[in-house]
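Here is the structure we will look at.
The values are calculated or read from the model by the stated rules, or taken from the named source; none is laboratory data. Since the model is a prediction, treat every value here as computed from it, not as a measurement. Virtual Cβ from ideal backbone geometry, glycine too; neighbours counted across all protein chains shown.
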């Protein structure tokens, strides 16, 4: 007679590919059926960032959770990105058991608003100016020009830390690509609690995106005590 095996679906950021593979092996050897992700977008599977693929995979993973008895969250250092947080919330809403590599923080009832000033003319010690850029680092207008002229952003550097700034590309593709860069930013900010990141209305000027499109990408970042967001973003997130 066939044994009834427990089914476990793995959830977590795909940047932790090695941890996914290790945990999948361990849980399988313990006698579980393990369902994992199909592609590792943050670890080299660039097909994920083609139009519509990320959304399809996110919805597909919810279906994988439906198939499972429980989920196991791959969260080294406690990191949980926006997509993973959504999956955890969905699993709990479906009555699934939730286990994790590292302890999960309890969901907060409300977010404490840390608002970025509408006009930033100077930075205090430890402040980082976060602006929307293009990947070529041509800081010719909007907040990018301020970053270049006032806060040390280097011409030709359009991604990540540059001077006393952090650049998030917003003009080079779809929201899926921007989401990846925002997730990278949130991970960097979480790793540098000694800094305060002043996020401007990235993507909502020259790039042409709406606040309602960009703000939800900062769900995880909004939970970090060293990240401030524009009032327009908070109105949507809260």
Would you check which residues across the stretch 9-34 are crowded, with 20+ Cβ neighbours inside 10 Å, in a strand (DSSP E or B) and either free of Cβ contacts under 8 Å to residues at least 60 places away in the same chain or under 18 Å from the mean Cα position of the chain (by Cα) (or both) and list them? 10, 11, 12, 34
Residue set 59, 87; condition buried (at least 19 other Cβ atoms within 10 Å of the Cβ), within 18 Å of the chain's Cα centre (by Cα), closer than 22 Å to residue 214 by Cα and at pLDDT 85 or above; output residue 87
Matching residues in the stretch 64-84 (closer than 20 Å to residue 180 by Cβ and surrounded by fewer than 16 Cβ atoms within 10 Å (Cβ to Cβ)) number 2
Restricting the search to the stretch 187-214, which residues are touching a strand residue (DSSP E or B) at 6+ places or on another chain (Cβ under 8 Å) and either in a helix (DSSP H, G or I) or farther than 27 Å from residue 122 by Cβ (or both)? 188, 189
For the stretch 137-192 the number of residues that are out of contact with any helix residue (DSSP H, G or I) (no Cβ under 8 Å at 6 or more places or on another chain), surrounded by 16 or more Cβ atoms within 10 Å (Cβ to Cβ) and under 20 Å from residue 117 (Cβ atoms) is 9
Pairs returned, first residue in the stretch 194-214 that is within 17 Å of residue 139 (Cβ to Cβ) and in the same structural domain as residue 182 (by TED's automatic domain parsing), second residue that is at pLDDT below 90 and not in a strand (DSSP E or B), beta-carbon separation under 7 angstrom, 6 or more apart or interchain, are 205/142; 206/141; 206/142; 207/171
